[in-house]
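Derivation of every value follows stated rules applied to the coordinates shown; laboratory data play no part. Remember, predicted model here, so these are calculated numbers, not experimental data.
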Amino acid sequence: MLPKDNPILGEWVSTDEIYGKPERLFFTEFGMFKAGRHVPADFDISRKKVTVTTNTATTEYLMVSENMMKQRVPRQTWRFFLRIDALEDIKEALDKREVSRYN
């Protein structure tokens, strides 16, 4: 499998907040950045599911779309993440509101 076939490569941010701020994930070809350090990881990709295995944990992500994924969270349901690039585009679109109820 080629690294470009891995749909979760890149930077992601959670749609909810943990400890008062969104969680950020950054996946590389060889692992992920966590708490400021690079952690080696293996990626098992099957269709829309990506399983990330590090030396401390195995985490399952399901691709909702090219720019959204959800993470299976034990004892909860799911956490959603948006690709940073897509989030910037969404914020930019919101900042450029052309429709105003006061015009």
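For region 78-87, the Karplus equation 6.51 cos²θ - 1.76 cosθ + 1.60, evaluated at θ = phi - 60°, returns couplings of 9, 10, 9, 10, 10, 5, 3, 4, 5, 4 Hz by residue, with Gly and Pro reported as x. Applying the Karplus relation 6.51 cos²θ - 1.76 cosθ + 1.60 with θ = phi - 60° to region 64-76 yields 3J(HN,Hα) values of 7, 8, 4, 10, 9, 9, 10, 10, 6, 10, x, 6, 9 Hz, where x marks Gly and Pro. Backbone amide hydrogens, once placed in the peptide plane, bring Lys34 within less than 5 Å of Val39, excluding anything fewer than 5 places away on its chain. For the pair Thr56 and Phe33, the difference between a 0.36 nm per residue extended length and the Cα-Cα distance amounts to 6.9 nm.
Which of rounded, prolate or oblate describes region 1-86 when judged by the alpha-carbon gyration tensor and an a/c cut-off of 1.5?
Rounded shape, in that the Cα axes give a/c under 1.5.
Close amide H pairs (under 5 Å, H built 1.01 Å from N) link Val64 with Met69, Lys70, residues at least 5 positions away or on another chain.
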